[in-house]
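The values are calculated or read from the model by the stated rules, or taken from the named source; none is laboratory data. Being a predicted model, the structure only gives us computed values, none of them experimental. Every residue, glycine among them, receives a Cβ derived from its backbone with ideal geometry; neighbour counts consider all protein chains shown. With ligands, DNA and RNA removed, areas are computed over all heavy atoms of the protein, side chains included. Shrake-Rupley method; radii C 1.70, N 1.55, O 1.52, S 1.80 Å.
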Amino acid sequence: MNNPSHDLGTPSPWVQRWSHLIRPAGSALDVACGRGRHLRYLAGQGYIVTGVDRSEEALQIASGHGDTVLADIENEPWPLVDQQQVRQFDAVVVTNYLWRALFHVLEQSLAPGGVLLYETFAQGNETVGKPSRSDFLLRPGELLTAFKSMHIIAYEEGFLSQPDRFVQRIAAIKPAPTATPAPIPARYTL
């Protein structure tokens with residue numbers, strides 16, 4: 001999307017900055033992975049990587065770095081399901097991609113303690129380039145709202161240069177499920 005670092009295969013500085021939060025040797029899912037710049041980076045860091053994208057051509061390049069799944073995640077069921085359960089990863093990475101209907105699935109795709117690294121275009125970007133349609137631009141604070149059940153490690157929203165763009169980005173950890181307290185025996189109730 002007019003982002004030279006995406007075309008050159010350079011990983012996002014945001015992903016590089018926060019990837020240390022991922023469990024060592026853990027699994028990572030790159031959503032809308034394209035040619036696999038983050039697959040390559042994360043595999044190089046020792047993670048087991050999987051990428052999903054709708055472009056067969058891009059996945060031919062990405063497949064050299066890890067498992068890849070060809071799927072139209074906007075118009076077909078979520079493809080990463082095992083025994084009717086959403087497959088879970090120690091990290092989910094999303095950059096330069098927005099499909100709001102997937103927010104819930106992205107969170108489900110994280111194992112407890114899993115890390116979400118999400119960075120994409122935000123409102124304001126229409127003043128400097130593409131994407132410019134509101135469907136593809138995050139509203140102010142939208143990632144914070146969408147992932148409010150997670151532990152937010154870092155969040156940024158604003159303008160970046162080279163190339164000029166408005167972004168939102170978040171690093172968040174999915175909490176472990178809280179244990180359901182055992183029922184209090186009847187003889188101890190008030």
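If the condition is being crowded, with 22+ Cβ neighbours inside 10 Å and β-branched (Val, Ile, Thr), then segment 33-49 contributes only Val49.
Residues in segment 50-75 that are in a loop (DSSP other than H, G, I, E, B), open to solvent by 60 Å² or more (accessible area, probe 1.4 Å) and under 17 Å from Tyr97 (Cα atoms): Arg54, Asn75. Those strands (runs of 3 or more DSSP E) of segment 95-185 in which 3 or more residues are surrounded by 18 or more Cβ atoms within 10 Å (Cβ to Cβ) and modelled with pLDDT of 90 or more occupy 110-121, 165-173. Looking only at residues of segment 18-32 that are touching a residue at least 24 places away in the same chain (Cβ under 8 Å) and either part of a helix (DSSP H, G or I) or open to solvent by 40 Å² or more (accessible area, probe 1.4 Å) (or both), we find that the one that is farthest from Leu160 (Cα to Cα) is Arg23. Can you tell me which residues in segment 45-70 are at pLDDT below 95 and among the small types (Gly, Ala, Ser)? Result: Ser55, Ala58, Ala62, Ser63, Gly64, Gly66. Does at least one position in segment 33-48 carry a residue that is of a type in the set (A, V, I, L, M), under 16 Å from the mean Cα position of the chain (by Cα) and part of a loop (DSSP other than H, G, I, E, B)? Scanning segment 33-48 turns up no residue that is of a type in the set (A, V, I, L, M), under 16 Å from the mean Cα position of the chain (by Cα) and part of a loop (DSSP other than H, G, I, E, B).
Looking only at segment 88-109, count how many residues are under 9 Å from the mean Cα position of the chain (by Cα) and small (Gly, Ala, Ser). The number of residues fulfilling the criteria is 1. Residues that are open to solvent by 40 Å² or more (accessible area, probe 1.4 Å), touching a strand residue (DSSP E or B) at 6+ places or on another chain (Cβ under 7 Å) and not polar (S, T, N, Q) are absent from segment 7-15 altogether.
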